[in-house]
Amino acid sequence: KAGVTQTPRYLIKTRGQQVTLSCSPISGHRSVSWYQQTPGQGLQFLFEYFSETQRNKGNFPGRFSGRQFSNSRSEMNVSTLELGDSALYLCASSLEPTGFGPYEQYFGPGTRLTVT
Amino acid sequence: AQSVTQLGSHVSVSEGALVLLRCNYSSSVPPYLFWYVQYPNQGLQLLLKYTSAATLVKGINGFEAEFKKSETSFHLTKPSAHMSDAAEYFCAVIRIGSGSARQLTFGSGTQLTVLP
C-alpha cells in the first residue's frame with residue numbers, strides 16, 4: 001500500500017505571497033491531520049479533517065486554512081506568508097477508531113517551505 | 001491537558017551499547033502513547049504505540065518501550081545501538097476530543113547520536 005504523499009517537497013516563497021500544499025492519505029484513511037515543525041517550536045498541530053469537515057484546529061492564525069476533498073485528499077493554504085512560516089509541514093493520515101483505542105497516524109515526508 | 005516531556009535533548013551512545021530515551025507523560029486518564037523516529041529530511045515513522053493492551057510494547061527495528069503508570073513514564077529502549085539508529089526520536093500522546101477529533105501532542109524530541 002502506498003504511503004502518505006505530499007507535494008511539493010520543497011517550496012521557496014516570498015513574504016506576502018500565499019502557498020498551497022497538498023497531501024494524499026493512505027488508501028482507506030479518511031482522517032488527515034497537518035502539523036508544523038520548526039526548530040524553535042517543535043511539532044505543532046495545525047488542524048484535522050475528516051469527511052471533508054474540519055474536526056479539530058490548533059492554535060494558529062486564520063492565515064492557515066485547509067480543506068479536504070471527497071477522495072480524502074487534503075490541501076492546506078497559508079496566505080500572506082511571514083518569515084516565521086518557514087517550516088516543515090507534515091501531513092498524517094489515520095483510520096477511524098472502531099474498537100480498542102485510536103489508530104495511529106502515519107506521516108508523509110513533509111513539504112519544506114522557505115519564506116524569504 | 002495531556003502532554004509529554006522528553007528528558008535529554010541529545011543522547012550519545014556507543015555502537016552496541018544500550019539505548020535509553022526517556023519520556024514522561026501527564027494525563028488524568030490512561031493515555032495512548034507513541035514513539036516516532038525522524039531521519040534527516042524525512043517525515044515521522046512510527047516505532048511503536050501503547051494502547052493499554054500490554055505494558056511492554058515491542059516496535060520495529062528492535063525498539064521497545066515499557067508503560068509504567070506509577071512513574072508516568074514510557075521510556076524507549078534498545079539493547080544494542082546500531083549506527084543506523086542515529087536520528088531524532090519523538091514521544092507523543094494523542095488527545096481524543098469531541099466527535100472523535102484527535103491530535104498528537106509531541107515532546108520536544110531527543111537527538112540520538114551513535115558513536116563508532
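Data table
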| quantity | calculated |
| --- | --- |
| Which numbered condition A:Thr80 misses (of (1) over 29 Å from B:Thr5 (Cα atoms); (2) modelled with pLDDT under 95) | (2) |
| Candidate set from the range A:2-14 (those that are among the polar types (S, T, N, Q) and within 14 Å of another protein chain (Cβ to nearest Cβ)); member that is surrounded by the fewest Cβ atoms within 10 Å (Cβ to Cβ) | A:Thr7 |
| Every residue from the range B:13-37 that is small (Gly, Ala, Ser) and part of a loop (DSSP other than H, G, I, E, B) | B:Gly16, B:Ala17, B:Ser27, B:Ser28 |
| Subset of the range A:15-44 (residues that are of a type in the set (A, V, I, L, M, F, W, C), in contact with a Ser or Thr (Cβ under 7 Å, 6 or more places away or on another chain) and buried (at least 20 other Cβ atoms within 10 Å of the Cβ)) | A:Leu21, A:Cys23, A:Val32 |
| The one condition in (1) at pLDDT 95 or above; (2) more than 10 Å from chain A (Cβ to nearest Cβ); (3) under 23 Å from A:Phe47 (Cβ atoms) that B:Met83 fails to fulfil | (3) |
| Residue among B:Val19, B:Val4, B:Val11 that alone is in contact with an Asp or Glu (Cβ under 7 Å, 6 or more places away or on another chain) and within 20 Å of B:Phe106 (Cβ to Cβ) | B:Val19 |
| In the range B:43-63, residue farthest from A:Pro39 (Cα to Cα) [restricted to those that are at pLDDT 90 or above and aliphatic (A, V, I, L, M)] | B:Leu56 |
| Residue within the range A:60-80 that is surrounded by 13 or more Cβ atoms within 10 Å (Cβ to Cβ), in contact with a Lys or Arg (Cβ under 7 Å, 6 or more places away or on another chain) and at the interface with another protein chain (Cβ under 9 Å from one of its Cβ atoms) present | no |
| Residue ID - surrounded by the most Cβ atoms within 10 Å (Cβ to Cβ), chosen from residues in the range B:57-116 that are in contact (Cβ under 8 Å) with a residue 60 or more places away in the chain and hydroxyl-bearing (Ser, Thr, Tyr) | B:Tyr89 |
| Which listed residue, of B:Ser27, B:Ser100, B:Ser73, is farther than 26 Å from A:Ala87 by Cβ, touching a Cys at 6+ places or on another chain (Cβ under 7 Å) and at pLDDT below 95 | B:Ser73 |
| Qualifying residues in the range A:86-101 (those that are crowded, with 21+ Cβ neighbours inside 10 Å and more than 9 Å from chain B (Cβ to nearest Cβ)) - the one farthest from B:Ile94 (Cα to Cα) | A:Ala87 |
| Criterion: within 22 Å of A:Gln41 (Cα to Cα), crowded, with 16+ Cβ neighbours inside 10 Å and hydroxyl-bearing (Ser, Thr, Tyr) - qualifying residue of B:Tyr32, B:Tyr36 | B:Tyr36 |
| Unmet requirement for B:Pro40, which otherwise passes all of (1) at pLDDT below 95; (2) within 9 Å of another protein chain (Cβ to nearest Cβ); (3) in a loop (DSSP other than H, G, I, E, B); (4) within 25 Å of A:Val4 (Cα to Cα) | (2) |
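For (1) more than 7 Å from chain A (Cβ to nearest Cβ); (2) assigned to a strand (DSSP E or B); (3) closer than 18 Å to A:Val32 by Cα, each residue gets a yes or a no:
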| site | (1), (2), (3) |
| --- | --- |
| B:Ala65 | yes, yes, no |
| B:Ile94 | no, yes, yes |
| B:Gln103 | no, yes, yes |
| B:Ser108 | no, no, no |
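The values are calculated or read from the model by the stated rules, or taken from the named source; none is laboratory data. Every value quoted in this text rests on a predicted model; they were computed, and no experiment measured them. Virtual Cβ from ideal backbone geometry, glycine too; neighbours counted across all protein chains shown.
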